[in-house]
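The values are calculated or read from the model by the stated rules, or taken from the named source; none is laboratory data. Remember, it's a predicted structure, so these values are computed and weren't measured experimentally. In this analysis, Cβ positions are derived from the backbone assuming ideal geometry, glycine residues included, and neighbour counts consider all displayed protein chains. When the accessible area is computed, the model is the full protein with side chains, heavy atoms only, and any ligands, DNA or RNA have been set aside. Shrake-Rupley method; radii C 1.70, N 1.55, O 1.52, S 1.80 Å.
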Amino acid sequence: QEQLVESGGGLVQAGGSLRLSCAASGPIGWAMGWFRQAPGKEREFVAAISGGGGTKRLADSVKGRFGIARDNAKNTVHLQMNSLNAEDTAVYFCALRFSGAMTSDPSQYARWGQGIQVTVSS
């Protein structure tokens with residue numbers, strides 16, 4: 001069964017950067033996504049990338065600040081987060097969809113990582 005392991009989270013000052021990574025086991029080439037959940041809020045879409053890496057989508061709230069990329073040779077997806085602010089504080093989850101096509105709909109993702117905390121101090 002495919003497993004996802006996130007890394008790279010932590011505490012950063014406002015305006016700083018972090019790079020999250022998600023290492024997936026099993027076959028490569030599935031669409032991957034990043035979601036986040038802040039305390040007391042619903043899980044929300046952050047970014048997604050197709051299996052081949054040619055199609056990407058970012059939530060409006062992170063456009064211009066975040067980027068998503070994948071390295072299929074290492075079966076890893078990265079989320080580069082720049083110009084972080086307090087509203088980005090959340091637990092970030094990596095997810096895998098059994099399709100090459102990416103989507104922002106969390107219900108379409110079959111496998112989820114355990115989540116990793118990102119805290120931005122103001």
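Output the residues belonging to segment 1-29 that are farther than 14 Å from residue 69 by Cα, assigned to a loop (DSSP other than H, G, I, E, B), in contact (Cβ under 8 Å) with a residue 60 or more places away in the chain and small (Gly, Ala, Ser). Result: 8, 9, 14, 15, 16, 17. Of all residues in segment 57-97, count the ones that are open to solvent by 50 Å² or more (accessible area, probe 1.4 Å), touching a helix residue (DSSP H, G or I) at 6+ places or on another chain (Cβ under 9 Å) and within 24 Å of residue 2 (Cβ to Cβ). Summing the residues that are open to solvent by 50 Å² or more (accessible area, probe 1.4 Å), touching a helix residue (DSSP H, G or I) at 6+ places or on another chain (Cβ under 9 Å) and within 24 Å of residue 2 (Cβ to Cβ) in segment 57-97 gives 0. Checked against the criterion of being of a type outside the set (A, V, I, L, M, F, W, C) and touching a Ser or Thr at 6+ places or on another chain (Cβ under 9 Å), the candidates 9, 40 yield just one match: 9. Looking only at segment 86-104, which residues are closer than 22 Å to residue 19 by Cβ and small (Gly, Ala, Ser)? Residues satisfying the conditions are 86, 90, 95, 104. The single condition among (1) over 12 Å from the mean Cα position of the chain (by Cα); (2) surrounded by 14 or more Cβ atoms within 10 Å (Cβ to Cβ) that residue 25 does not meet is (2). Evaluate the following for residue 81: is it at pLDDT 95 or above and closer than 23 Å to residue 122 by Cβ? Yes.
Residues of segment 43-64 that are under 18 Å from residue 21 (Cα atoms), of a type outside the set (Gly, Ala, Ser) and part of a loop (DSSP other than H, G, I, E, B): 62 alone.
Restricting the first member to segment 30-48 and to residues that are under 9 Å from residue 91 (Cα atoms) and open to solvent by 70 Å² or more (accessible area, probe 1.4 Å), and the second to residues that are in a loop (DSSP other than H, G, I, E, B) and at pLDDT 95 or above, the beta-carbon pairs closer than 9 Å and six or more apart or on different chains are 39/89.
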